[in-house]
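A.B. asks: To start, I am sharing the structure in question, which I have written as structure tokens.
The values are calculated or read from the model by the stated rules, or taken from the named source; none is laboratory data. If you're wondering where the values come from, they're calculated on a predicted model, not measured in any experiment. All Cβ positions, glycine included, derive from the backbone under ideal geometry; neighbour counts span all protein chains shown. When the accessible area is computed, the model is the full protein with side chains, heavy atoms only, and any ligands, DNA or RNA have been set aside. Shrake-Rupley method; radii C 1.70, N 1.55, O 1.52, S 1.80 Å.
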Amino acid sequence: MAIDPLRAPARPRQVARSRAPERRSSAWMWLVATCVVVVALALAGNARRSRASADIPVEAAKPVPVAKAALAAPEPKPLATEEIAAIALPSVVGIRCGDQSGAGFFIGDDLIVTNAHVTCEGKEIVSVLLQDGREILGKVKTRDPWIDIATVEVIASNVKPLRVGDPLALKPGARLAVVGSPKGLDFTVHEGNVSYVGRNLHGVGYLQFSAAVNPGNSGGPILDTTGAAVGIVTLKRMDAEGIAFALPLWYARPPEAAEAQGRWKVFLDRIRDEDADERRKMVASLERPLLLSLRSGQNGEIGALLAQMRAERPLGGRIELRVTQGTSGCLGRGMVSKWLPLDEILKNAGETPREAEWLLRSGDAKNLYYTIADMDFTGCQLGDSPAQVSFDGGKPLVVPGAKLSAAATASRKAREVQHASVAFVDTVNDVRAEHWRTAFRNARARVDAASAVLADARSRASQSGTGSEASQWQARAAAAEAVLHAAESDLADLERRASNEAVPREWRR
């Protein structure tokens, strides 16, 4: 399930002009990108938001301090969407920092609430666009990256804050109005409906709603039929339409009435308990290695991503995946070189994905290990219909048969390339071996020849007694001795070179 914050590029000065492209996050490497994204999809079914990590406890967020507003007036009768928009739009703002755009709204005198990711971590000053056309500077007062709430202070805005409603009083199907800056188009109004109240995503309880939201809606309000702000638009499911999430506004401003405080506490306790139960189930499911996904490489090869919880680093080794297609089956074989703990993987991952941070913050990830095994499916003859792939009796993954067939073809090609490479290396080694053997044979032959000549010269010199003939043989013996010393020196040099180059002993014979 792909869920992301609703970011958008900088606001265009004229709608007809093209806008800067939306900012994209970069991946460190395939292992990291796969591990940290797949874990929540396969185990927890949770959402993903890309943002920088913060050392904040998993418990419900501490309320953001805001200026106390005037007492809420009695709730008016239900209003039409156009009437809600007329009330809300003067209190909604567009927010810019860097190449990002989003929205916010006033909840106190000169105080704006928005999403933390809209304010750009590391920046303290943002640009605030008011509906009356003014563009002023705002200073980030508070920022909670985990809950994704921030407040921004401005000076002398003279803007009336929105009335804060009761987010827990919403019922599924209730009508809502949504205001924001989708794709940088400020002060856009959409109508939607409540889908679910209290959707737990990574230990935060959201209002799920259905509306046409897009990047740039982040930080804008959702309003009930009385015109009161009840939530902050924060997330959207990226692989579907009409599934969005807003933070209940009580995360930013807890209710003052005792009865509402009690309901809010019950709500937060329920979300905490659901989150703890979800993490317990995840840990239990990983007592044995679990197949999370199969991912294709650039050349069609397939790697199997596995995870498990262990008190110490698991050992590598061979693995087998059971492949079933219709009534036929086969085995895919692979090798695990090593397992890596989640925190070690994330050291080079840059920005920590939401689900990875959720696991690390909970403490459940300290013994969570991942690995990717290169799989060989050459033993499988598969058609294009879906196939089921399972590991060690676990829940199977449904994979297109064509994908596995392509992987088998890639494995065969890789094996052919490997065989050709091995044959080439063997040929090169044979040539090198013969070169060294010839060099040693020739060096030893020179030593043997010089030794024979020296022995013969000394024998003849001793048999000649005295005189000129003996002197001639003695001179030949001296010359032969010098040749022998040179040949022995050459052989010693050859031995040293062979040792330095790690030439095998059998090549020196």
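A.B. asks: Identify the single condition in (1) over 29 Å from the mean Cα position of the chain (by Cα); (2) closer than 30 Å to Asp109 by Cβ that Tyr251 does not satisfy, given that it satisfies every other one.
C.D. replies: (1)
A.B. asks: Considering only the range 379-419, how many residues are polar (S, T, N, Q), in contact with a strand residue (DSSP E or B) (Cβ under 6 Å, 6 or more places away or on another chain) and either on the phi > 0 side of the Ramachandran plot or modelled with pLDDT under 80 (or both)?
C.D. replies: Total meeting the criteria: 1.
A.B. asks: Six or more apart or on different chains, Cβ atoms under 8 Å: show the pairs whose first residue is in the range 316-344 and over 26 Å from Ser405 (Cβ atoms) and whose second is assigned to a strand (DSSP E or B) and open to solvent by 50 Å² or more (accessible area, probe 1.4 Å).
C.D. replies: Once the first residue is over 26 Å from Ser405 (Cβ atoms) and sits in the range 316-344, its partners that are assigned to a strand (DSSP E or B) and open to solvent by 50 Å² or more (accessible area, probe 1.4 Å) give Gly316/Met335; Gly317/Met335.
A.B. asks: Assess whether Ala407 counts as being within 30 Å of Pro386 (Cβ to Cβ) and open to solvent by less than 50 Å² (accessible area, probe 1.4 Å).
C.D. replies: Values: within 30 Å of Pro386 (Cβ to Cβ): yes; open to solvent by less than 50 Å² (accessible area, probe 1.4 Å): yes.
It is true that Ala407 is within 30 Å of Pro386 (Cβ to Cβ) and open to solvent by less than 50 Å² (accessible area, probe 1.4 Å).
A.B. asks: Which numbered condition trips up Glu287, out of (1) open to solvent by 70 Å² or more (accessible area, probe 1.4 Å); (2) in contact (Cβ under 8 Å) with a residue 24 or more places away in the chain?
C.D. replies: Going through (1) open to solvent by 70 Å² or more (accessible area, probe 1.4 Å); (2) in contact (Cβ under 8 Å) with a residue 24 or more places away in the chain one by one, Glu287 breaks only (2).
A.B. asks: Considering every residue within the range 411-433, establish whether at least one is in contact with a Lys or Arg (Cβ under 6 Å, 6 or more places away or on another chain) and in contact (Cβ under 8 Å) with a residue 40 or more places away in the chain. Walk me through it before giving the result.
C.D. replies: Here is the first cut: in the range 411-433, the ones in contact with a Lys or Arg (Cβ under 6 Å, 6 or more places away or on another chain) are none.
Scanning the range 411-433, I find no residue that is in contact with a Lys or Arg (Cβ under 6 Å, 6 or more places away or on another chain) and in contact (Cβ under 8 Å) with a residue 40 or more places away in the chain, so the answer is no.
A.B. asks: Restricting attention to the range 328-378, report how many residues are hydroxyl-bearing (Ser, Thr, Tyr) and either modelled with pLDDT of 85 or more or assigned to a strand (DSSP E or B) (or both). Give the derivation first.
C.D. replies: Here is the first cut: in the range 328-378, the ones hydroxyl-bearing (Ser, Thr, Tyr) are 328, 337, 352, 362, 369-371, 378.
Filter once more, keeping what is either modelled with pLDDT of 85 or more or assigned to a strand (DSSP E or B) (or both): 328, 337, 369-371.
Summing the residues that are hydroxyl-bearing (Ser, Thr, Tyr) and either modelled with pLDDT of 85 or more or assigned to a strand (DSSP E or B) (or both) in the range 328-378 gives 5.
A.B. asks: While we're here: Say whether the condition of being among the polar types (S, T, N, Q), in a loop (DSSP other than H, G, I, E, B) and either open to solvent by less than 10 Å² (accessible area, probe 1.4 Å) or in contact with a His (Cβ under 7 Å, 6 or more places away or on another chain) (or both) is met by at least one residue in the range 214-223.
C.D. replies: Restricting attention to the range 214-223, the residues satisfying the condition of being among the polar types (S, T, N, Q) are 214, 217-218.
Keeping just the survivors that are in a loop (DSSP other than H, G, I, E, B) gives 214, 217-218.
Narrowing further to those that are either open to solvent by less than 10 Å² (accessible area, probe 1.4 Å) or in contact with a His (Cβ under 7 Å, 6 or more places away or on another chain) (or both): 217-218.
So far as the range 214-223 goes, yes, one or more of its residues are among the polar types (S, T, N, Q), in a loop (DSSP other than H, G, I, E, B) and either open to solvent by less than 10 Å² (accessible area, probe 1.4 Å) or in contact with a His (Cβ under 7 Å, 6 or more places away or on another chain) (or both).
A.B. asks: From Lys183, Lys171, Lys236, which residue is outside any helix (DSSP H, G or I), of a type in the set (Lys, Arg) and either touching a Pro at 6+ places or on another chain (Cβ under 8 Å) or at pLDDT below 90 (or both)? So that I can check it myself, show each step before the final result.
C.D. replies: Numbers: Lys183 fails: outside any helix (DSSP H, G or I); Lys171 fails: either touching a Pro at 6+ places or on another chain (Cβ under 8 Å) or at pLDDT below 90 (or both).
Result: Lys236 is the single residue among Lys183, Lys171, Lys236 that is outside any helix (DSSP H, G or I), of a type in the set (Lys, Arg) and either touching a Pro at 6+ places or on another chain (Cβ under 8 Å) or at pLDDT below 90 (or both).
A.B. asks: What is the number of the single condition among (1) in a helix (DSSP H, G or I); (2) in contact with a strand residue (DSSP E or B) (Cβ under 6 Å, 6 or more places away or on another chain); (3) more than 27 Å from Asp166 (Cβ to Cβ) that Ser293 does not meet?
C.D. replies: Result: Ser293 passes all but (1).
A.B. asks: Which of the residues that make up the range 113-139 are outside any loop (DSSP other than H, G, I, E, B), within 12 Å of Val93 (Cβ to Cβ) and of a type in the set (D, E, K, R)?
C.D. replies: Result: Glu135, single match.
A.B. asks: May I ask you to list pairs of residues, at least six apart or on different chains, whose Cβ atoms are under 6 Å apart, with the first in the range 491-509 being over 16 Å from Val428 (Cβ atoms) and at pLDDT below 90 and the second being of a type outside the set (A, V, I, L, M, F, W, C) and surrounded by 12 or more Cβ atoms within 10 Å (Cβ to Cβ)?
C.D. replies: Ala498/Arg508
A.B. asks: Does Ala373 meet the test of being more than 20 Å from Ala410 (Cβ to Cβ), in contact (Cβ under 8 Å) with a residue 60 or more places away in the chain, open to solvent by less than 10 Å² (accessible area, probe 1.4 Å) and not charged (D, E, K, R)? It would help to see each step written out before you state the result.
C.D. replies: Values: more than 20 Å from Ala410 (Cβ to Cβ): no; in contact (Cβ under 8 Å) with a residue 60 or more places away in the chain: yes; open to solvent by less than 10 Å² (accessible area, probe 1.4 Å): yes; not charged (D, E, K, R): yes.
Spelling it out, it is not the case that Ala373 is more than 20 Å from Ala410 (Cβ to Cβ), in contact (Cβ under 8 Å) with a residue 60 or more places away in the chain, open to solvent by less than 10 Å² (accessible area, probe 1.4 Å) and not charged (D, E, K, R).
A.B. asks: Can you spot a residue in the range 429-440 that is surrounded by 12 or more Cβ atoms within 10 Å (Cβ to Cβ) and outside any helix (DSSP H, G or I)?
C.D. replies: No.
A.B. asks: Looking at the range 299-313, which of the residues that are outside any strand (DSSP E or B) and buried (at least 16 other Cβ atoms within 10 Å of the Cβ) is modelled with the highest pLDDT? Steps first, answer last, please.
C.D. replies: Going through the range 299-313, the residues outside any strand (DSSP E or B) turn out to be 299-301, 310-313.
Now restrict to residues that are buried (at least 16 other Cβ atoms within 10 Å of the Cβ): 300-301.
Details: Gly300: 66, Glu301: 72.
So, considering only residues that are outside any strand (DSSP E or B) and buried (at least 16 other Cβ atoms within 10 Å of the Cβ), the one modelled with the highest pLDDT is Glu301.
Table: residues versus (1) surrounded by 16 or more Cβ atoms within 10 Å (Cβ to Cβ); (2) modelled with pLDDT of 90 or more; (3) within 37 Å of the chain's Cα centre (by Cα).
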| site | (1), (2), (3) |
| --- | --- |
| Ala61 | yes, no, yes |
| Ile112 | yes, yes, yes |
| Val126 | yes, yes, yes |
| Leu129 | yes, yes, yes |
| Asn158 | no, yes, no |
| Gly165 | yes, yes, no |
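A.B. asks: Still on this structure, please answer the following. Looking at the range 247-284 only, could you name the residues that are open to solvent by less than 20 Å² (accessible area, probe 1.4 Å) and within 30 Å of Ala373 (Cα to Cα)?
C.D. replies: Once the filter is applied, which keeps residues that are open to solvent by less than 20 Å² (accessible area, probe 1.4 Å) and within 30 Å of Ala373 (Cα to Cα), the range 247-284 yields only Met282.
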